[in-house]
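Trainee: To start, I am sharing the structure in question, which I have written as structure tokens.
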Amino acid sequence: MARKSYHHAVYSLNYHLVLVTKYRHKVITADILDRLEVVFKLQCERWDVKLVEFNGELDHVHLLISAHPSMDLSKFINSIKTVSSRLIRKEYKDYLAPFYWKPLFWSRAYCLVTTGGAPLDVVKAYIQDQDRPT
């Protein structure tokens, strides 16, 4: 991934973020996954974050993001989880009703790791190789 500059800094900060559905319910369909990708792209643009790769399975999603050094990652993650949960719960209300009785979609927990250990192509290939719902 190319280095970028931000104010007086040159950086290359890449993160692998995994979000898990509440109770690990296997509720992510292909349609929901496509919608989540659109929502995450829009949120990333608003936060000046690049969504490098996205994919997921029935109960979790992977995002490979590139962010600038002054980024408050916890606020960003809270924002994308809140916005995506609200929209998905609204747009797929009938489908999700049997699984969730509260206005939830994501687990409170998440996994965020830097991608310095593995080449980005390896991380991207891993995300692309997820067992995407059909």
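The values are calculated or read from the model by the stated rules, or taken from the named source; none is laboratory data. Just so you know, these numbers come straight off a predicted model, no measurement behind them. We place every Cβ from the backbone using ideal geometry, glycine too, and count neighbours over all the protein chains shown. In case anyone asks, the SASA skips ligands and DNA or RNA and just uses the protein heavy atoms, side chains included. Shrake-Rupley method; radii C 1.70, N 1.55, O 1.52, S 1.80 Å.
Trainee: Answer yes or no: is there a residue in segment 16-25 that is β-branched (Val, Ile, Thr) and either more than 18 Å from Arg132 (Cβ to Cβ) or open to solvent by 40 Å² or more (accessible area, probe 1.4 Å) (or both).
Mentor: Looking only at segment 16-25, we keep the residues that are β-branched (Val, Ile, Thr), and these are 18, 20-21.
From the residues that got through so far, the ones that are either more than 18 Å from Arg132 (Cβ to Cβ) or open to solvent by 40 Å² or more (accessible area, probe 1.4 Å) (or both) too are none.
No.
Trainee: OK, next. Being part of a helix (DSSP H, G or I) and either open to solvent by less than 60 Å² (accessible area, probe 1.4 Å) or in contact (Cβ under 8 Å) with a residue 40 or more places away in the chain (or both) is the requirement here; does Tyr110 meet it?
Mentor: Details: part of a helix (DSSP H, G or I): no; either open to solvent by less than 60 Å² (accessible area, probe 1.4 Å) or in contact (Cβ under 8 Å) with a residue 40 or more places away in the chain (or both): yes.
The answer is no for Tyr110.
Trainee: Where residues in segment 41-67 are open to solvent by 20 Å² or more (accessible area, probe 1.4 Å) and in contact with a Phe, Trp or Tyr (Cβ under 7 Å, 6 or more places away or on another chain), which of them is nearest to Arg132 (Cα to Cα)?
Mentor: Looking at the filtered set, the residue picked out is Leu51.
Trainee: Separate question: Being farther than 20 Å from Lys75 by Cα, aliphatic (A, V, I, L, M) and in contact with a Ser or Thr (Cβ under 8 Å, 6 or more places away or on another chain) is the filter here, so list the residues in segment 95-134 that pass it.
Mentor: Val123
Trainee: While we're on this one: Any idea which residue in segment 68-95 is surrounded by the most Cβ atoms within 10 Å (Cβ to Cβ), counting only those that are hydroxyl-bearing (Ser, Thr, Tyr) and over 16 Å from Arg35 (Cα atoms)?
Mentor: So in segment 68-95, the residues hydroxyl-bearing (Ser, Thr, Tyr) come out as 70, 74, 79, 82, 84-85, 92, 95.
Within this subset, residues satisfying the condition of being over 16 Å from Arg35 (Cα atoms) are 70, 74, 79.
Values: Ser70: 10, Ser74: 10, Ser79: 14.
The selected residue is Ser79.
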